[in-house]
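Reading through the structure tokens given below for one structure.
The values are calculated or read from the model by the stated rules, or taken from the named source; none is laboratory data. In this text the structure is predicted, and so the values were computed from the model without any measurement. Cβ atoms come from the backbone with ideal geometry, glycine included; neighbour counts cover every protein chain shown.
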Amino acid sequence: MSEEATENVSAGNPTAKAFTLTSALWFAGATTLGMIAAGYLIAPDFLANIEYIHFGRVRPMHINAVLFGFVTPGLLAAAFYYFPKLLRTELFSHKLGVFSAIFWNITVATGLIGIALGYTQGREYAELAWPVDIMVVISFAMVAFNILMTIRQRKESILFVAIWYTTAAMVLTSITYCLGNVIWKPDTGALTGIPDAILLWFYGHNIFGLLLTPMALGIAYYALPIATRSPLYSHTLSLIGFWSLIIVYTHIGTHHLLQVPVPTWLKTISIVDSVAMVIPVMIVLINLWYTVKGKLGDIHADIGAKFIFTGTIFYFFVNIQGSMMALPHVQRITHFNNWVVGHAHIGVLGFAGVTALGGLYFILPRITGKPLYSRFLADVQYWLVLIGVTGFAVVLTTVGLIQGNAWYNGETLYRTLPEIQPYYILRASLGTFIMIGAYLGLYNVVRSLYFNRGATT
């Protein structure tokens with residue numbers, strides 16, 4: 001379907017605007033928290049007398065601000081734009097959509113304040129206190145309801161693949177979040193021992209694989225054909241990629257527990273599926289890259305598409321790295337160190353985050369009816385984020401290999417600290433690039449939404 005065929009739908013989309021602003025605000029906040037955490041790695045006494053933002057609290061604040069404050073709302077902003085377009089109908093309820101955005105911000109803010117005050121479950125990607133978990137589930141449920149009702153009232157008989165990906169992300173995450181955060185146990189929000197670890201990593205890995213990944217791919221499938229004025233290379237490949245992602249990715253979280261007495265069959269499934277992730281990833285990338293083949297000039301001309309296409313490149317590298325590090329002999333070196341931290345940054349920030357930024361810039365002129373306030377600022381942000389994330393990948397992977405080899409050879413944790421200290425300084429410097437880019441992007445988004453005097457498109 002051409003975008004022009006539905007250009008009258010969702011004009012001035014208030015829901016997309018609300019989530020766009022949400023994402024831009026939290027990107028600035030999340031990077032600020034990340035810089036504070038990076039400071040502690042350089043100077044452990046950095047702000048040490050302020051208990052609310054010591055490293056043990058500011059790191060999970062940073063992570064949750066990135067996941068639920070910046071990336072997810074950014075991806076949702078684009079989804080709330082293209083759903084009415086592809087379905088040829090208005091969003092079921094913009095009032096519910098705007099309320100969802102407001103409630104989403106309250107939820108994220110409440111969760112971060114809770115962590116700062118020491119109210120946390122203390123589990124990776126599941127740090128938020130139980131009452132906030134309930135708020136998160138409500139937030140996802142409202143979004144999912146709005147999306148499903150929009151699908152129900154659609155005028156377009158075909159459900160394009162972007163619709164499949166985003167709908168699956170909302171529905172599946174509403175379920176996996178409940179499981180991973182054990183919301184039926186208000187006292188602890190956790191099980192005991194190994195069962196809790198298995199359930200936690202089922203959820204933790206699926207936050208990326210069944211939330212961020214399908215939503216980011218939905219944006220890519222929608223935006224890249226429009227930006228290049230090319231039909232999707234293969235609708236069949238898009239469906240194969242979708243179902244193979246759902247089937248394969250679901251079970252890979254246990255590869256974080258290979259050193260734990262988890263049933264061998266579960267470990268085997270996680271390793272096999274981790275390696276098999278090459279299949280859905282390459283199917284998707286072949287489909288997208290063949291769609292834009294010979295049209296890189298059009299990609300460069302559209303700043304949103306430029307971000308999104310760059311996100312697909314990060315998607316390639318994060319998959320290759322992830323499949324490799326799931327192998328037991330490789331994991332002896334790469335696990336429990338900064339290699340995994342670098343891997344997470346490539347996936348969440350490099351792939352999903354960069355794609356979310358692309359989605360914001362792609363929809364901004366379309367929901368405001370005016371050109372982007374500043375293409376120059378957007379380009380500066382692009383290069384700042386690209387240099388920062390690429391630098392993170394190189395630096396953290398290198399540090400991980402130094403740590404892993406040292407520990408594998410029997411050296412103590414503390415012996416490696418002087419050796420990796422320069423890398424932490426470089427990491428903080430690269431983080432400054434990303435933070436500056438985030439604030440430039442926030443300024444650009446706010447001016448584009450509310451103070452843009454550009455000519456009407």
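Residues are listed down the side, and each one gets a yes or a no for (1) touching a residue at least 12 places away in the same chain (Cβ under 8 Å); (2) farther than 19 Å from PRO44 by Cβ; (3) among the basic types (Lys, Arg):
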{"residue": "LEU386", "(1), (2), (3)": "yes, yes, no"}
{"residue": "GLY400", "(1), (2), (3)": "yes, yes, no"}
{"residue": "GLN403", "(1), (2), (3)": "yes, no, no"}
{"residue": "TYR408", "(1), (2), (3)": "yes, yes, no"}
{"residue": "LEU413", "(1), (2), (3)": "no, no, no"}
{"residue": "LEU417", "(1), (2), (3)": "no, no, no"}
{"residue": "LEU426", "(1), (2), (3)": "yes, no, no"}
Residue pairs meeting the criteria (Cβ under 6 Å; at least 6 apart or on separate chains; first in contact (Cβ under 8 Å) with a residue 12 or more places away in the chain, in the stretch 210-235; second hydrophobic (A, V, I, L, M, F, W, C) and not in a helix (DSSP H, G or I)): LEU224/VAL292; PRO225/LEU232; THR228/VAL292
Single match in ILE246, ILE226 (criterion: at pLDDT below 95, of a type in the set (A, V, I, L, M, F, W, C) and part of a helix (DSSP H, G or I)): ILE246
Criterion: within 27 Å of ALA24 (Cβ to Cβ) and not polar (S, T, N, Q) - qualifying residue of LEU401, LEU327, LEU396: LEU396
Candidates SER230, SER244 - the one that is under 23 Å from the mean Cα position of the chain (by Cα) and surrounded by fewer than 21 Cβ atoms within 10 Å (Cβ to Cβ): SER244
Answer residue from the stretch 19-58, given it is in contact with a helix residue (DSSP H, G or I) (Cβ under 7 Å, 6 or more places away or on another chain) and of a type in the set (S, T, N, Q) and is surrounded by the fewest Cβ atoms within 10 Å (Cβ to Cβ) among those: THR32
Sole exception among (1) closer than 22 Å to VAL394 by Cα; (2) in contact with an Asp or Glu (Cβ under 9 Å, 6 or more places away or on another chain) for THR312, by number: (2)
Qualifying residue in the stretch 80-102 (condition: under 30 Å from ASP187 (Cβ atoms) and among the basic types (Lys, Arg)): no
Only one of PHE80, PHE19, PHE55 that is at pLDDT below 95 and of a type in the set (Phe, Trp, Tyr): PHE55
Number of the condition not met by ILE313 [criteria: (1) under 21 Å from GLY74 (Cβ atoms); (2) buried (at least 20 other Cβ atoms within 10 Å of the Cβ); (3) of a type outside the set (Ser, Thr, Tyr)]: (2)
Where a residue in the stretch 174-189 is touching a residue at least 40 places away in the same chain (Cβ under 8 Å) and its partner, wherever it lies, is of a type in the set (Gly, Ala, Ser) and assigned to a helix (DSSP H, G or I), with Cβ under 8 Å and at least six apart: GLY180/GLY204
Top-ranked residue in the stretch 128-156 [being aliphatic (A, V, I, L, M) and buried (at least 22 other Cβ atoms within 10 Å of the Cβ); ranked as nearest to ALA101 (Cα to Cα)]: VAL143
Residues satisfying the stated conditions in the stretch 157-203, i.e. surrounded by fewer than 17 Cβ atoms within 10 Å (Cβ to Cβ), of a type outside the set (S, T, N, Q) and either in contact with a Pro (Cβ under 7 Å, 6 or more places away or on another chain) or not in a helix (DSSP H, G or I) (or both): ILE158, LEU159, ILE183, TRP184, LYS185, PRO186, ASP187, LEU191, ILE194
